[in-house]
Amino acid sequence: MEKNYKAVIIDDEEGAIDNLSLELKRFPYISVEGTAKNGATGVKLIEKVHPDLVFQDVELPDMLGMDVISRVRERASWNMNVIFYTAYDKYMIDALRAYAFDFLLKPVDSAELQIVMTRFCERMKDGTNSFQTFTETDKGDKPFMVVTPTGDLRFLRPSEIGYFRYLSNRKIWEVALTNGTYLPLKRSTTAEQLCAYSSVFMQIHQSFIINMRYLIMVQDNRCVMYPPFNNVEELTVSKKYKKEMMDRFYQL
């Protein structure tokens, strides 16, 4: 007899929840124990239910799906697998699968769902945990998702980022990457969200957030950075943030 597994669905679209719930009725070993329509409620639902399987929409009204998973990662002691899904095929399916997560497109295709459910059952029997694979592999430099103005998704690690800068003429933040390129972010992205991705990110100015691991020293209120950001002249520290930044710097 197949073991019964608990599942939750986190998605802001009622129709998508209903459609997936209906599809899951084909799998008698899956019990949908709850649904949530935003990230904050989703975190609480996961912590309450301790599901074996989470169907997680990539983009929610209050946060990205990866942010939901990151918020419960430290407290999750049970075997939990995650299946991300979205209506946009432009999202990076290969990138998500590289981190041991499964991925589905909306509307959910019955044949594709069958494939990922078979993989899920095999993982549970073997004791493999996509959630733990992600958290154990990436401690200290765990990846996070960002969304560009065109809706494309990117995985980034803190070590790939020197700083973020705000472009007032476009009203967006962009990321300065170690490969010398800049990646613009979705307009609704805030400084608070960026700083929350990792403890190494520190706001030093209304328009700048730096990766403290690349900071060598502060000279005349200008941040002197390690390569490849050693020639950047624009990273100045404002009076508002200087004390907190220097306190953080001396603690590193």
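The values are calculated or read from the model by the stated rules, or taken from the named source; none is laboratory data. Remember, predicted model here, so these are calculated numbers, not experimental data. Here the Cβ positions follow ideal geometry from the backbone for every residue, glycine too, while neighbour counts run over all protein chains shown.
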Selected residue (criterion: nearest to the chain's Cα centre (by Cα)) from residues of segment 51-71 that are modelled with pLDDT of 85 or more and more than 20 Å from Ser188 (Cα to Cα)
Gln56
Please state which of the following conditions Asp94 fails to meet, knowing it meets all the rest: (1) at pLDDT 85 or above; (2) of a type in the set (Asp, Glu); (3) exposed (fewer than 15 other Cβ atoms within 10 Å of the Cβ); (4) assigned to a helix (DSSP H, G or I).
(1)
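Quickly run through segment 219-252 and pick out the residues that are among the hydrophobic types (A, V, I, L, M, F, W, C), surrounded by fewer than 14 Cβ atoms within 10 Å (Cβ to Cβ) and part of a loop (DSSP other than H, G, I, E, B). Give the steps one after another, and end with the answer.
Start the filter on segment 219-252 by keeping residues that are among the hydrophobic types (A, V, I, L, M, F, W, C), which leaves 223-225, 229, 232, 235, 237, 245-246, 249, 252.
Subset that is surrounded by fewer than 14 Cβ atoms within 10 Å (Cβ to Cβ): 246, 252.
Leu252 - this is the single residue of segment 219-252 that is among the hydrophobic types (A, V, I, L, M, F, W, C), surrounded by fewer than 14 Cβ atoms within 10 Å (Cβ to Cβ) and part of a loop (DSSP other than H, G, I, E, B).
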State which residue is surrounded by the most Cβ atoms within 10 Å (Cβ to Cβ) when the search covers only segment 48-63 and only residues that are outside any strand (DSSP E or B) and in contact with a Leu (Cβ under 9 Å, 6 or more places away or on another chain).
Pro51
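Going through segment 193-251 one residue at a time, which ones are among the small types (Gly, Ala, Ser) and modelled with pLDDT under 95? Quick ask: steps written out before the conclusion?
First, pick out the residues of segment 193-251 that are among the small types (Gly, Ala, Ser): 196, 198-199, 207, 238.
Ala196, Ser198, Ser199, Ser238, listed by residue number.
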Going through segment 1-43 in order, the residues found to be over 17 Å from the mean Cα position of the chain (by Cα), assigned to a helix (DSSP H, G or I) and surrounded by fewer than 22 Cβ atoms within 10 Å (Cβ to Cβ) are Glu14, Gly15, Ala16, Ile17, Asp18, Asn19, Ser21, Leu22, Glu23, Leu24
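Of the residues Leu194, Leu167, which is aliphatic (A, V, I, L, M), surrounded by 15 or more Cβ atoms within 10 Å (Cβ to Cβ) and out of contact with any Cys (no Cβ under 9 Å at 6 or more places or on another chain)? Don't jump to the end; show me each part of the working.
Numbers: Leu167 fails: surrounded by 15 or more Cβ atoms within 10 Å (Cβ to Cβ).
Sole residue among the options that is aliphatic (A, V, I, L, M), surrounded by 15 or more Cβ atoms within 10 Å (Cβ to Cβ) and out of contact with any Cys (no Cβ under 9 Å at 6 or more places or on another chain): Leu194.
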Residue count, segment 170-180 (criterion: polar (S, T, N, Q) and touching a strand residue (DSSP E or B) at 6+ places or on another chain (Cβ under 9 Å))
1
Some residue of segment 36-49 being farther than 25 Å from Asp126 by Cα and polar (S, T, N, Q)
yes
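Taking strands (runs of 3 or more DSSP E) that fall entirely within segment 136-200, which contain at least 3 residues that are touching a Phe, Trp or Tyr at 6+ places or on another chain (Cβ under 7 Å) and assigned by TED's automatic domain parsing to the domain that holds Ile210?
Hits in segment 136-200: 161-167, 172-177.
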